[in-house]
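In what follows, a single structure is set out as structure tokens and then discussed.
The values are calculated or read from the model by the stated rules, or taken from the named source; none is laboratory data. Nothing here was measured: the structure is a model prediction, and the numbers come from that model. In this analysis, Cβ positions are derived from the backbone assuming ideal geometry, glycine residues included, and neighbour counts consider all displayed protein chains. Surface areas here come from the heavy atoms of the whole protein model, side chains and all, with no ligands, DNA or RNA. Shrake-Rupley method; radii C 1.70, N 1.55, O 1.52, S 1.80 Å.
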Amino acid sequence: MKPVRPSPTSPKPRSAGPGALLVLAAAAALGLGACGGGPTFVNADGGPGAPSGAGGAAGTGGAGGAAGAPGGNAPCGAAGQACCAANACNAGGCCVMGQGGARVCAGNGQSCGGAAGTCMNGSCSSATGVTCGGMGQPCCGVGANTFCAATGLRCTMGMCGVCGGMGQPCCQGNNVPACQTPLGCTGVSPGNPGTCGTCGQLDQPCCDTGAQCRGQGATCTGRGAGQSGMCTACGGMGQPCCQGNNDCTGAGLACLGRGMGNPGTCSPCGGMDQPCCAGGQAAACQAPLGCINDAVQDKCGACGGMGQPCCGRNNQGTCPAAMGLACTGRAMGMAGTCTPCGGANQSCCPGGAMVACAAAGAGQPCVIGAMGADTCKACGGLNQDCCGTNNAGTCTPPANSAQQLGCTGRANQMGIPGKCTTCGATGEPCCGGECALANRCVNNVCQACGKMGQVCCNSAGTLGDCAAGLACNGPSGNTASTCGPPGAPPPPVGQPRDAGPG
């Protein structure tokens, strides 16, 4: 196959005027710097780049024009920097293979890497005078690392030919091909570099590289199964949703059905039984409607009243506590229902302990329940549920009684309140970490202490560590320490300590 030659309408190469050549940083490094002016190219992100000085391909006898940044004001084109779009480098520099396969610029007089030789005006020349990388010259490099050094050229069938113009192959840019603006690259496939042509604007084919659609208010539809798709209007009523956060531009519209390659459709929102609009709760629905949590699609409707669904999208459904209502039965994808609260055997009202069971009267505080079903009911007495909704349930012993009560079996995270049982005596639960005299709290159970073979009492207890004539064999804080004759062996090292004084 013959090498690809420039078309008669392609810009002719132009030579740079005489000037001093400056030896800069190594070509494999990526540095910072500004780029010059000239024709523009499509950036790596698919949008038009800042002006680049492609100005025509550089041959062996003349320098190419100064190159411009590939977009986003990213520095490129100077020696040591990334090549600009369409392999452009400043002042006749060479776009060579850098570290990791990235394309970087080598200035005049710098190495092109490997056996390619030295860069001279967009072409690489070896010590024996063999040139490569310029227009009509063989590609530099070997195997999968072949490249063309001059602006606006790509390696095709071993030879360097033009790229980037209408109907020409897409140029090899940094990671993606590139074309002169306003052209984009289409038809890219394994082994096919794609062709530069019109794409990306409204009612044009989607571009294959970078942004598929660059036109304002356009999105790519119909893409897949070898089809490029078309850039169609988006964001309006009944139109496909646009990409990004502002997927529907019209007021009172929400994006429905997006997923699995489907852009979704902009549909009405905010009205009765319509999807909730984007934004905060206040803007989600038309007053007086509220947004109701749903397993499939949150929707607008009447909520927050007696027997109505709870309002709100988040995990915490809302009902007006001022009306004596609380949200019950709320779960993943389930809105829950607004029911009376604060009375005896009713749900606890939101807003803290002072209002949780205000209507229930004294003696019936809020008791934790599973699935958020906290209830106002009698608690804290013997064999009743422990009171409270925090981690430590509370029990209240009878007035004018020496009986002590403690909370056992509580699992706050699971909604299990626990039961109030007698505590403090031998074999009973500890009362808040404490036990009656001659007992010690060990693993939240009161054990007899101080006598022969029993655990040592805490040194703060009335009886001391052990009864008269006995000694605590081991540290008093160690639950394995026992009372026995003085001088008996201490317990093994490393035994757990008990819960505290008792």
When Ser126 is run through (1) open to solvent by 30 Å² or more (accessible area, probe 1.4 Å); (2) among the hydroxyl-bearing types (Ser, Thr, Tyr); (3) without any contact (Cβ under 8 Å) to a residue 60 or more places away in the chain, the failure sits at (1)
Restricted to segment 165-188 and to residues being at pLDDT 80 or above and not in a loop (DSSP other than H, G, I, E, B), the residue surrounded by the fewest Cβ atoms within 10 Å (Cβ to Cβ) is Thr186
Expected single match for at pLDDT 80 or above and closer than 30 Å to Cys357 by Cα among Gly427, Gly381 is Gly381
Of the candidates Cys446, Cys466, the one satisfying the condition of being open to solvent by less than 30 Å² (accessible area, probe 1.4 Å) and touching a residue at least 40 places away in the same chain (Cβ under 8 Å) is Cys446
When every residue in segment 89-118 that is under 16 Å from Gly152 (Cβ atoms) and either outside any loop (DSSP other than H, G, I, E, B) or open to solvent by 10 Å² or more (accessible area, probe 1.4 Å) (or both) is compared, the one modelled with the lowest pLDDT is Arg103
For segment 189-234, the count of residues that are buried (at least 16 other Cβ atoms within 10 Å of the Cβ) and farther than 30 Å from Gly250 by Cα equals 5
Condition set over 26 Å from Ala359 (Cβ atoms) and at pLDDT 80 or above, scope segment 398-412, selection most open to solvent (accessible area, probe 1.4 Å): answer is Gln404
Within segment 281-297, the count of residues that are farther than 19 Å from Ala322 by Cα and crowded, with 21+ Cβ neighbours inside 10 Å comes to 5
Picked from segment 313-345 (must be more than 19 Å from Cys357 (Cβ to Cβ), in contact (Cβ under 8 Å) with a residue 24 or more places away in the chain and in contact with a Lys or Arg (Cβ under 9 Å, 6 or more places away or on another chain)), the residue most open to solvent (accessible area, probe 1.4 Å) is Thr337
Within segment 381-397, restricting to residues that are of a type in the set (A, V, I, L, M, F, W, C) and open to solvent by 60 Å² or more (accessible area, probe 1.4 Å), the one that is farthest from Cys366 (Cα to Cα) is Leu382
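Listed here are the residues, each with its yes/no results for (1) among the hydrophobic types (A, V, I, L, M, F, W, C); (2) part of a loop (DSSP other than H, G, I, E, B); (3) within 38 Å of the chain's Cα centre (by Cα); (4) closer than 21 Å to Gln413 by Cα.
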| position | (1), (2), (3), (4) |
| --- | --- |
| Cys327 | yes, no, yes, yes |
| Pro340 | no, no, no, no |
| Cys349 | yes, yes, yes, yes |
| Val355 | yes, no, no, no |
| Cys379 | yes, yes, no, yes |
| Leu382 | yes, yes, no, no |
| Ala392 | yes, yes, yes, yes |
